[in-house]
Structure formats: C-alpha cells, structure tokens
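Worksheet for the structure shown next.
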Amino acid sequence: MQNKGVIKFFLVLMAIVCFYQFILVFPTQKVEGNAMEYASKLAGSSEGQAFNTFKSKYLDSMSSEKVFSLPLIRDYTYQDLKGAQLKMGLDLEGGMSVVMQVDIKEFLKNLAGITGDKGDPTFMTALENAEKRMATTQSDFITLFADEWGKVANGKKLADIFRSNEKMRSNGEDGRLAINSGSTDGQVATRIRAEAKENVDLTFKLLKERIDKLGVAQPNVSLDEARDLILVELPGISNPESARKLLQATAKLEFWDLWRMDEGNILQAMGSANEKLKVLEGGSTAEVEAVKEFRYDTIYNNTDALGNIDSSKFTVDTTVMDNAAQNAAQGPLLSKLGLIGDQNSAMIGLVDKNNRDAVMQMLNREEVRGLFPKNLKFLWAKDPFKRYNTADDASDDFKENQYQLFAVKKVPNSNKPQLDGSAITDASPGQDQSGKVVVNLKMNTLGAQKWGQITTKASADRQRQVAVVLDDEVVSAPSVNVPILSGGTEISGNFTLTEARDLANILQVGKLPVTTSIIQENIVGPSLGKENITKSRNSLIFGFALVIIFMILYYAGGGVISVIALLANLFFIFGTLASIGTVLTVPGIAGIVLTIGMAVDANVIIYERIREELRSGKTVLASVRDGFQQSYSAIIDANVTTILTAIVLAYFGLGPIKGFATVLIIGVLCSLFTAVLV
C-alpha cells in the first residue's frame with residue numbers, strides 16, 4: 001500500500017506537469033493564428049517573403065506582451081509561451097544550418113602582433129601553407145602550422161615571433177610555459193595550441209549564448225575541436241540574413257575621441273595628400289584649371305529640444321569655391337571625398353558608397369599616412385548620411401548613398417580607444433526622449449569612472465562629439481553637453497527594434513575572441529518541413545492504430561487497458577519532452593514509434609505471464625499479481641539495455657543521432673512507468 005501511494009503521488013505530479021505543458025499550447029496557437037491573419041491581410045497572400053516578414057514583425061511586437069495568465073501561477077508573454085512549447089527541429093520546421101570556421105590563422109597573427117599582411121615573411125609563408133593544407137587534411141591548424149614552419153624556418157626560432165606578446169612572455173594557466181629566447185619550437189607550438197584551444201572554446205561558448213538570445217526554438221550548436229568548426233542549426237529562423245550578421249559579428253564596441261576639422265591641420269593635410277596623390281598617379285594640373293566651378297558642403301547641425309545634435313538630420317549649404325580652392329580640390333582624393341566646410345565639425349567629409357574603398361586605400365598609403373597625426377585613425381559611419389539641401393536643386397534634397405568619414409583619436413603610443421566594450425555589464429533596447437530606438441548601456445565601476453572622465457573632458461571642450469564604434473564602424477557620434485558620471489549611456493544609429501535587440505544581446509554576451517566565417521550554409525524551406533511533419537504524423541498514427549487493433553483483438557479487455565496505458569505513455573512523453581526543452585526531429589519521432597513498440601512488448605510479456613498463471617489454476621487476482629511480479633526482470637532487463645545504448649548514442653552522437661537517443665531514453669522511462677507501475 002505504501003508503494004502504491006508513492007506511485008499515485010508521482011502519477012498525479014507527472015500528470016499535472018504534463019497537463020500544464022499542454023495548456024500553454026492553446027494561447028500560443030492563438031497568437032500565431034492572429035499573426036498569420038495579420039500577415040495575410042498585409043501581404044495579400046499566406047506565403048512568400050512578404051508574408052514571413054509581416055508575420056515575424058507581428059510576433060516580434062507580441063514577444064514582450066502579456067497574452068495569457070494562469071491564476072495564482074504567473075502571467076505569460078508570447079516569448080514565455082513559445083519557450084515552453086515542444087520545439088520542432090530543422091527537418092520538421094525548416095530553418096537554417098551553417099558550418100562556421102574559427103579563423104586560427106588570424107588569431108596567430110594577432111598573437112604575433114601582426115596587422116594586415118605585413119609580417120615576418122617566413123611566418124606568413126608558414127601560415128599560408130598551413131591554410132592550403134587545411135583543405136585536404138584532418139589535422140588541426142596549429143599542427144599544420146608547426147609542420148610548415150619547420151620546413152621554411154631555415155634556422156629561425158618560432159619563439160622570436162611570439163616573444164613580442166606580453167602574455168606569451170609570462171606563464172599561462174594550466175602550467176603553460178612562458179616563451180623566451182631559449183624556448184624550442186615544440187614548446188612554442190604547445191603554448192600557442194593551448195592559447196588557441198582556450199580562445200576557440202570561449203568563442204564557442206559565447207556563440208552559444210549569443211544564439212540562445214536570438215530567440216530560436218532550441219538551436220543546436222556543436223564544436224568539432226579537431227578542425228575548429230562550429231555547427232549551428234537554427235530551426236524556424238525566418239530571417240537568415242539577420243542570423244548571418246548575428247553569427248559573424250565580432251561585437252567589438254569602442255568609444256573614441258574625435259578629431260575636428262580645426263585640429264591637427266587635418267584640412268591642410270587633406271590638401272597635401274591630394275597634391276601628393278596627383279603626383280603619384282601622374283595627374284595634370286592643366287585639367288584642374290579647366291574646371292569652372294567646384295562646390296563644397298557646409299554642414300549645419302540640427303539639435304533637439306535639449307540641445308543634443310540630431311544625427312539623423314543635417315542641413316547642407318552648398319557653396320562655390322574660389323579658383324585656389326578649385327585647384328586644391330580636384331584630384332584623386334578630393335574628387336571623391338567631399339570635405340566639410342564647418343571647422344567645428346567632427347565629420348571629415350562625405351563619400352559616395354562606391355568610392356569608400358578607393359578613398360580609404362588612398363588615405364592609408366604610406367606616402368600619405370605620414371601627413372596626418374600618428375594617433376589618427378579613419379573610420380566610416382555605419383549607415384548612409386541623411387542630408388537636407390538648402391540649395392534650389394530639389395533632386396538633391398535627400399541622399400542615402402553617401403557615408404560620413406570620421407577621424408578618431410587613438411590613445412598615445414597605442415592603437416587602443418579611450419574605452420572598449422569590456423566595461424559593459426548590461427545592454428537593452430529602448431527609446432530615447434524623441435521616440436527613436438536606442439540601445440541602453442550600463443558599465444562597471446572602472447568603466448563608469450573612465451566614461452565620466454571622457455565625457456567631462458568632452459563637455460568642457462566646446463561640447464565635443466564622441467564616437468561610438470561597433471566593429472570599426474561609427475554607429476553614432478553624439479555631442480556631450482554634460483558629464484555622464486552614472487556609468488550609463490545609449491547608442492543611437494537608426495535601429496529598428498529587432499536590430500536594437502540583436503545588438504543588445506551581442507553586447508551583453510561579449511565580443512568573440514576569435515573571428516569566425518561561414519563556410520557552408522543550408523536553408524531548409526518550410527514546405528519541406530511541413531511535408532516531413534505530415535509523413536511523420538501519419539507514420540505515428542498508422543503505427544499506433546495497428547498496435548491498438550492488435551491488442552484489442554488479441555487480449556480483449558486487457559488490450560483496452562494496455563491501450564489506455566499507451567495513451568498515458570504518449571501523454572507523458574510529449575509533456576516531458578516539452579518540459580525539458582527537447583527538440584523534436586524526424587529521428588525523434590522514430591524514437592517515439594520505437595518506444596510504442598517497446599511499451600506494447602512489455603504489455604505482451606505481462607499478459608502472457610498472467611495467462612500462464614491462470615492456466616495453472618490460480619485466481620484472476622493472484623494471476624495478475626504473480627504475472628506482474630514474474631515479468632519485472634525480463635521487462636527491466638530489456639529496457640535497461642536499451643537505455644544504456646541510448647545513453648551512449650546521446651553522449652557521442654550529434655544532431656539527429658542525439659535527438660533520437662534523447663527521445664528514446666525519455667520514452668523508455670515513461671513506458672516503464674506506465675506499463676509496469678501505472
């Protein structure tokens with residue numbers, strides 16, 4: 001009786017938990033039905049890209065809205081409800097699968113203090129050769145690099161390449177030896193392999209956290225350590241482009257002081273750079289003198305009610321230059337770069353989208369770079385520049401194909417900004433006082449102190465602008481009216497709510513220590529997923545129907561009881577899968593079908609044993625009691641061996657194999673509970 005009480009307790013508890021999971025399905029389907037109705041009206045169709053876009057926008061707007069309430073328990077947003085559902089895998093719901101390569105080559109260059117392609121020729125050759133061999137071998141990059149270095153070193157020591165890194169000169173974690181002049185190539189290879197593994201593992205961890213915040217239903221992320229590959233499966237993703245940006249963004253957030261046009265002789269340096277490029281490229285001043293008129297832009301900043309610069313709108317006054325200015329302006333550089341006439345502006349100039357690469361190449365040429373201050377670095381704005389022209393030419397009232405060029409100030413004797421994203425402790429989307437979407441940031445104590453110093457200095461210096469830079473692009477350049485001492489600030493950059501949420505998620509998780517790139521991508525369409533769902537559902541129903549027919553025809557009343565136990569088994573299986581957040585895939589459905597068969601097998605063993613007891617002359621109650629007791633060992637043996645096999649598959653398997661094993665383990669446990677105990 002005591003055992004029966006325990007069984008009843010767990011039965012009621014499991015039933016409540018599973019029933020709770022099933023209740024949440026209905027309000028979720030209601031919201032999704034409304035989303036489909038809304039998208040169909042706007043798109044004029046129930047499929048296609050427009051339909052998916054409107055549906056995603058509706059669901060995104062409802063993600064934080066309360067849509068369901070369970071009295072005395074809690075209120076649910078759509079995001080809460082969706083997170084509690086049984087998730088469908090890539091093969092059922094459609095979605096996106098990508099294979100990402102961790103760039104160990106770039107990591108080694110950074111470790112050696114090399115930027116770009118200018119480094120020790122032997123080192124660069126070994127890197128290139130190792131990269132070529134990666135395409136045809138299963139070895140890891142560090143092993144290939146060490147092998148290639150041995151072939152081309154010609155007496156050079158690998159330690160000399162990495163001794164410039166302060167971290168490598170000191171002992172690392174886990175007994176990693178410091179690199180010094182006496183370190184052998186083997187010791188250096190061991191150290192850089194440990195550093196690479198640590199950073200690859202951290203990249204994998206941060207990428208998982210970043211993907212979890214994407215809101216995808218139970219994504220699958222796995223790491224191939226031998227090849228430094230990361231496999232990402234995103235079931236149900238509706239915006240692959242947004243997913244690509246999220247996966248590949250390094251999220252390098254920085255705060256920089258900005259040069260103004262009246263500082264560092266920037267305007268004069270631009271003219272000198274233009275003249276030097278004329279000579280280098282063989283330009284002719286005779287052609288310049290033929291130009292009758294040249295126009296340059298003076299930018300007037302529009303401010304909001306608080307006096308802050310509204311970077312989304314500037315007024316442009318176009319002015320005709322004199323002949324001397326004409327001669328200085330026309331040339332390789334200034335024919336593409338429109339300089340700003342406002343001496344107080346932190347914006348250097350405007351460039352057409354198609355000319356950005358050409359202008360940056362000219363500014364970074366060795367012959368030109370020395371004309372500018374050493375701690376100056378040129379960066380482009382993230383978004384096109386919105387401008388409103390005061391001239392009569394109405395066709396120029398609004399342009400979206402030009403980008404701002406900024407010059408940021410590096411910390412003296414380094415390439416670092418005044419403050420970076422490591423100080424960020426929290427990031428969240430929000431709105432500013434004018435209703436624009438922004439990303440609100442909070443900083444740690446040290447970051448808040450540094451940010452206070454930066455903003456105090458900026459506000460005292462004619463309300464200087466400060467650049468907020470993400471992945472080497474200026475997302476905003478606000479002017480600082482008053483010091484910000486609270487450690488909080490905001491990023492504005494013409495974001496949509498989705499973009500702001502994605503950016504906040506990335507910043508909250510942190511930047512990836514090693515860059516990654518997508519080397520393989522596969523998108524499974526929703527139509528294929530629906531076809532898989534239909535086939536899987538039909539196979540499940542057909543198999544279950546055959547079992548019901550057999551059990552009732554062969555065992556009559558006992559068959560009815562076993563069918564009830566099977567229904568309870570399915571109820572517990574799906575409820576448990578939803579409770580622990582398992583992803584249901586086609587192999588997982590195969591696991592459920594197999595579980596049904598095993599559950600019936602247990603019933604058959606029990607019933608046949610009961611029949612034997614009845615044939616021996618025992619009463620019905622005694623036969624049932626002894627039939628169950630004598631069947632336990634056979635049933636438990638069969639199910640335990642199945643569980644052990646499934647555990648091995650779950651531990652070593654990836655993707656579909658792991659999904660099959662997980663569902664099988666849960667199904668076997670539920671079958672034992674229902675067939676033997678319930």
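Sites listed here are GluC sites (Glu not before Pro) in the stretch 31-62 whose DSSP assignment is loop and whose Cβ has at most 16 other Cβ atoms within 10 Å: Glu47.
Once every Cα of the stretch 624-678 carries one equal point scatterer and solvent is ignored, give the base-10 log of I(q)/I(0) from the Debye formula at q = 0.16, 0.24, 0.25 Å⁻¹, two decimals. Per q value, in the given order, log10 I(q)/I(0) is -0.52, -0.87, -0.91.
Reducing the stretch 576-627 and the stretch 420-495 to their Cα centroids gives an inter-centroid distance of 63 Å. Taking each residue as 0.36 nm, the span from Arg369 to Lys8 lengthens on full extension beyond its C-alpha to C-alpha distance by 122.0 nm. With a Cα cut-off of under 29 Å and a minimum spacing of 8 residues unless on different chains, the lysine pairs in the stretch 47-156 number 21. Residue order by solvent-accessible surface for Lys410, Lys82 is Lys82, Lys410, largest first, with ligands and nucleic acids left out and a 1.4 Å probe.
Classify the stretch 559-658 as rounded, prolate or oblate, taking a ≥ b ≥ c as the square roots of the eigenvalues of its Cα gyration tensor: rounded when a/c is under 1.5, otherwise prolate if a/b is larger than b/c and oblate if not. Judged from the Cα gyration tensor, the stretch 559-658 comes out prolate (a/c at least 1.5, a/b above b/c). Note on the stretch 18-129: Rg/Rh from C-alpha atoms, Kirkwood Rh, equals 1.30.
The values are calculated or read from the model by the stated rules, or taken from the named source; none is laboratory data. Given the structure is predicted, the values throughout are model-derived calculations rather than measurements. Neighbour counts run over all protein chains shown; Cβ positions are idealised from the backbone, glycine included. Calculation scope for accessible area: heavy atoms of the full protein, side chains included, ligands and nucleic acids excluded. Shrake-Rupley method; radii C 1.70, N 1.55, O 1.52, S 1.80 Å.
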